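The structure appears below as structure tokens.
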Amino acid sequence: MKVFKFGGASVNTIDRIKNVKDIISLYANEKLVIIISAMGKTTNALEKVVEAFYAGNKEEALQLFTVIKNQHVTTAKYLLVTHYNACYEQLNNFFTEVEWLLHDKPVREFDYYYDQVVCVGELLSTCIVSYYLNEAGVANKWIDVRDIIRTDDNFRDANIDWTYTEEKVKTMVHGLWSMDDILLTQGFIGSTDENESTTLGREGSDYTAAVFANLLNAESQTIWKDVEGVMSADPKQFPDAQLMPELSFDEVIEMAYYGAQVIHPKTIKPLQNKGIPLHVKCFLDPSLPGTVISKKQVKHLPPVVIIKEKQVLMHLHSQDFSFVGEKPMSELYKILGELNIKPNLIQTGAISLQLCLDDRAEKTEHLATAVNAIFDVQLERNLSLLTIRHFNNELLMKMTSGKQVILKQQTPETVQVLYR
Ligand code: ASP
């Protein structure tokens, strides 16, 4: 069996949804688990809904949500004839769930509401595509993945309960395959044991696909994207970015760790652990070879460039001029663990240290408050973090010229530069 994941760009127009059908039709008679993201930029649009709701702007939240509703209903209308009513009914159930919540006042933390609202993007898109495929003769079974993927309640970055999920995958998926070869479901979302929706981090549906691939011992996983394969830099920013036809799991996990947007960082482990190859292919032309990621080591890679914007640098200074030794460091790591914060760079000195983080306002504030008991804290915002793997000095000079460099870290393989 194979696992496919189609990203949001592959279902953002009527023609592209039809194209997904054509690609799936190339794999007739194979058992497939297909994961489809929210359409286009729906996740971003849903984020705006939660932000408005949490800021107390109920009317604005409802209005923004109505735009999303209308877009999905219009798409369903264009695609469906015989199955339209059934599809509309199911879409309406998802709409109602969100609208109920938006009518309340927020009393819990932001991340909880984020997950309850944002998860609907994947439910709407998979619902429409599943009805469309069935109407077009590609028989498939739609699954609410929240019945399978059980997580903890670490909202927005939930952790999977592998034991429960494995049991569910084995009982549900195999049972359903006896009726339909194609199972169509969502990535990125899950549910707690109290039936609260959770999300696994942006771009998390690659990871969900890998969880299915691992638990079902898939022969391969394919991520269908709007690029030729894995590129050495973002082609929108760097037109001379190169396609890398082969990569090792080790290389990709490093790239993801440093923030490359290619694949969700958690995706590789479940595949590597079972030696399942990951294909990244272009949905615009499925005949192109794309990139294969596997256990095989690959030499002579081009420089790989990754830029993370919206970084915050936290300067931590010892309060009484004592060394930043193992005690304050272990306390700091404990706090980072509790707040689920992963610094992108740490630089230690005698009586100070610096942490570079993604600037997620609420988390940054929590961290600053918590470490204030041990250190004097200063924040510097709006920074960019450049990482180059397999770098050469010429490229490094070119990319940092005219920038005000604040921090630099270098190994033989990788250089990281934080700049204003
Ligand atoms: N729709 C989610 C996002 O845009 C998850 C995904 O597509 O992987 O991040």
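Worth pointing out:
- Exactly one residue out of 143, 149 is more than 25 Å from residue 74 (Cα to Cα) and touching a residue at least 12 places away in the same chain (Cβ under 8 Å): that is 149.
- Here residue 122 fits the description: touching a residue at least 60 places away in the same chain (Cβ under 8 Å), within 23 Å of residue 187 (Cα to Cα) and either surrounded by 19 or more Cβ atoms within 10 Å (Cβ to Cβ) or more than 22 Å from the chain's Cα centre (by Cα) (or both).
- Of all residues in region 34-46, none that is of a type in the set (Asp, Glu) has its Cβ atom under 6 Å from the Cβ atom of a residue that is more than 7 Å from the ligand (Cβ to nearest atom) and outside any loop (DSSP other than H, G, I, E, B), 6 or more apart or on another chain.
- Here region 190-205 is the region considered, the condition is being near the ligand (Cβ under 8 Å from one of its atoms) and either free of Cβ contacts under 8 Å to residues at least 60 places away in the same chain or touching a strand residue (DSSP E or B) at 6+ places or on another chain (Cβ under 6 Å) (or both), and the residue that is nearest to residue 39 (Cα to Cα) is 205.
- Helices (runs of 4 or more DSSP H) completely within region 305-420 that count 2 or more residues being among the β-branched types (Val, Ile, Thr), modelled with pLDDT under 95 and more than 26 Å from residue 251 (Cβ to Cβ): 361-371
- The lone exception for residue 304 - which of (1) under 21 Å from residue 400 (Cβ atoms); (2) surrounded by fewer than 18 Cβ atoms within 10 Å (Cβ to Cβ) it fails: (2)
- Candidates 227, 211, filtered to the one that is β-branched (Val, Ile, Thr), touching a Cys at 6+ places or on another chain (Cβ under 7 Å) and either within 16 Å of the ligand (Cβ to nearest atom) or in a loop (DSSP other than H, G, I, E, B) (or both): 227
- Which listed residue is touching a Phe, Trp or Tyr at 6+ places or on another chain (Cβ under 7 Å), at pLDDT 95 or above and either under 17 Å from residue 278 (Cβ atoms) or of a type outside the set (S, T, N, Q) (or both), from 222, 198: 222
- Residue pairs meeting the criteria (Cβ under 7 Å; at least 6 apart or on separate chains; first assigned to a loop (DSSP other than H, G, I, E, B), in region 265-291; second loosely packed, with under 15 Cβ neighbours inside 10 Å): 275/295; 283/226; 284/226; 286/26; 289/245
- Only a single item in (1) farther than 23 Å from residue 311 by Cα; (2) buried (at least 17 other Cβ atoms within 10 Å of the Cβ); (3) in contact with a strand residue (DSSP E or B) (Cβ under 6 Å, 6 or more places away or on another chain) is not met by residue 233, and it is number (1).
- Qualifying residue in region 387-403 (condition: under 27 Å from the mean Cα position of the chain (by Cα) and more than 30 Å from residue 298 (Cβ to Cβ)): no
- Some residue of region 162-183 being more than 15 Å from the ligand (Cβ to nearest atom), in contact (Cβ under 8 Å) with a residue 60 or more places away in the chain and assigned to a helix (DSSP H, G or I): yes
- Inter-residue pairs, beta-carbon under 7 Å, first more than 16 Å from the ligand (Cβ to nearest atom) and in region 253-264, second part of a loop (DSSP other than H, G, I, E, B), 6+ apart: 255/262
- Pick from region 125-161, criterion more than 16 Å from the ligand (Cβ to nearest atom) and basic (Lys, Arg), ranking: surrounded by the fewest Cβ atoms within 10 Å (Cβ to Cβ): 141
The values are calculated or read from the model by the stated rules, or taken from the named source; none is laboratory data. Keep in mind the model is a prediction, meaning the values are calculated, not measured. Cβ: placed from backbone, ideal geometry, glycine included. Neighbour counts: every protein chain shown.
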